[in-house]
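No lab work stands behind these numbers, since they all come straight from the coordinates. Since the model is a prediction, treat every value here as computed from it, not as a measurement. Here the Cβ positions follow ideal geometry from the backbone for every residue, glycine too, while neighbour counts run over all protein chains shown.
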Amino acid sequence: MASFFYWAETVLFILVLFIGFLSISFGIPGTWIILLAAILYGGLTHFQILTFNVLVVLGLLAVCGEVLEFFLSIKGVKKAKPSKGVVLVSFLSGLFLAIMMAPLFLGIGAIVGALVGTFGGAFLMEYLTQRRMSHAVHVGWKAFLGRLAGFLSKMGVAILMFVIIFSRLFFR
């Protein structure tokens, strides 16, 4: 029978995993939170449940999640051939609006804010530099789609990390 402390640290670990997962919607690198929690939990359980090999796989997945999110977000807006500065402005406006809208709808406002802010920043910057409405909408839309693809890919990686961790916790 497992001790009280084992179950307490396991419950706390699972809670931190969910916090890491939810933090992705705020633009915080949640895959790294998941990885750090797994390393800490691995150490607390003497690496018997989450072994070194499992932690290496989780680390590689965390890197892949960040790279995927970054490149898909950039690729989306770059496809539209934006003006100089659009990529940076769309990123910053998405981050700003995600933070501002985070308290709305039980945190889902952060996701909406990131997507709307990305579109709005790209659209506004492109319109102010080119003065062509249709092109500005096109650039904003591509920025929106790129951000959405990046967000979904990172969430997918986090889910894969969960599957690996939960399979080791409950089905080993």
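Only one entry of Gly94, Gly120, Gly140, Gly76 meets the criterion of being in a helix (DSSP H, G or I) and within 19 Å of Ile28 (Cα to Cα), and that entry is Gly94. Would you say Ala114 is small (Gly, Ala, Ser), assigned to a helix (DSSP H, G or I), over 30 Å from Val11 (Cα atoms) and over 19 Å from the mean Cα position of the chain (by Cα)? So Ala114 fails the test. Just the residues that are under 29 Å from Ala149 (Cβ atoms), out of contact with any helix residue (DSSP H, G or I) (no Cβ under 6 Å at 6 or more places or on another chain) and part of a loop (DSSP other than H, G, I, E, B), please, taken from segment 7-59. Result: Ile28, Pro29.
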